[in-house]
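Working notes, structure below.
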Amino acid sequence: MNMALFPDVVVNHETIPSAAIAAEAQNHSAPKDKPGIAWRKAAQALAIRALLLQEARARALEAEPEELAPGRVETEDEALIRALLDAALTIAPVTEEVIRTEWAKGPDRYRSSPLWDVSHILCACDPRDDAERAMASARAEAVLARLGGDAKGFALAARESDCGSKAAGGHLGQLGPGDTVPEFEAALRTLEEGKITPTPVLSRHGWHIIRLNATAPGQVLPYETVRPKIAQALEKAAWARASRDFIETLAKGAQITGASLAPI
């Protein structure tokens with residue numbers, strides 16, 4: 001990225017250099033052919049950060065870093081921003097009526113996890129090795145071609161699997177969300193009972209041919225079970241709205257060049 005094409009950001013006479021914005025841009029997604037989007041997101045994030053830190057210092061707040069996780073402690077700037085938001089934002093408690101209203105919009109949204117009874121054939125490889133990946137792909141395609149979409153011969157074909165499950169005809173048993181790699185789970189969610197994946201699925205283990213033997217959809221959970229989750233989600237949404245409103249108020253009274261706080 002040519003930083004000369006992108007200006008420094010200035011927030012109330014405080015300059016955020018383009019080098020800092022370029023470093024921050026690595027943390028923001030954008031299409032490969034549109035690096036300017038990542039830059040604008042980074043410039044916006046740093047401008048907001050500067051606004052909040054300026055306000056915290058104007059209020060003479062003190063930073064008291066907290067441990068976020070084992071080995072992960074807030075920076076002083078993070079602690080200062082947290083202290084500011086704690087002092088500036090007033091979030092009304094979420095009432096029982098509001099929680100029930102949200103739940104009533106669609107009780108079937110709150111379900112226990114589904115279960116999938118699954119079998120697979122694995123053609124193992126290191127997907128980072130182009131040659132190895134290509135060879136395993138060709139092998140998986142050949143196995144799939146022999147099956148011809150007929151799931152009945154799956155157990156026989158599974159004898160060629162590189163997974164220990166081949167001794168059980170490729171049967172993996174019942175799986176739930178998070179029990180397997182994301183690519184495998186994503187494929188499961190698109191399959192109908194008794195069907196196999198139309199093309200092999202690549203994961204960090206290699207190429208999978210997957211058969212969904214049966215599925216048990218999650219059951220609708222009672223209100224009392226999901227109430228804490230709904231309340232937490234509503235509280236987070238309220239906090240996010242209050243934060244946006246507070247930042248907009250600060251921005252209206254600030255002088256900002258080189259960045260826009262409008263949604264990107």
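Any read-out appearing in this document is the output of simple, stated calculations on the displayed coordinates, not a laboratory observation. Keep in mind it's a predicted model, so treat the numbers as computed, not measured.
Measure nothing fancy, just the Cα-based angle from helix 35-58's long axis to the longest principal axis of the chain, in degrees from 0 to 90, nearest 10. For helix 35-58, the angle is close to 40 degrees.
Computed from Cα atoms, the angle from the helix 223-252 axis to the main principal axis of the chain rounds to 40 degrees. Lys-Lys pairs in the chain that are eight or more residues apart or on separate chains and whose Cα atoms lie under 30 Å of each other come to 10. Over the C-alpha atoms of the stretch 115-216, the Rg to Rh ratio, Rh being the Kirkwood estimate, stands at 0.93. With coordinates expressed along the principal axes, the C-alpha atoms belonging to the stretch 130-188 extend over 30, 29, 21 Å, beginning with the largest. Structural size metrics of the chain, computed from C-alpha coordinates, are Rg and Dmax of 26.2, 73 Å. Against the main long axis of the alpha-carbon atoms of the chain, helix 76-88 sits at an angle near 70°. Secondary-structure-derived ellipticity at 222 nm for the chain, considering helices only, amounts to -14000 deg cm²/dmol, per-run term -39500 (n - 2.57) for DSSP H runs with n ≥ 4. The mean sequence separation of alpha-carbon pairs under 8 Å and at least six residues apart, normalised by the residue count of the chain, gives a relative contact order of 26 percent. Shape class for the stretch 204-252, computed from the alpha carbon gyration tensor (a ≥ b ≥ c): oblate, with a/c not under 1.5 and a/b at or below b/c.
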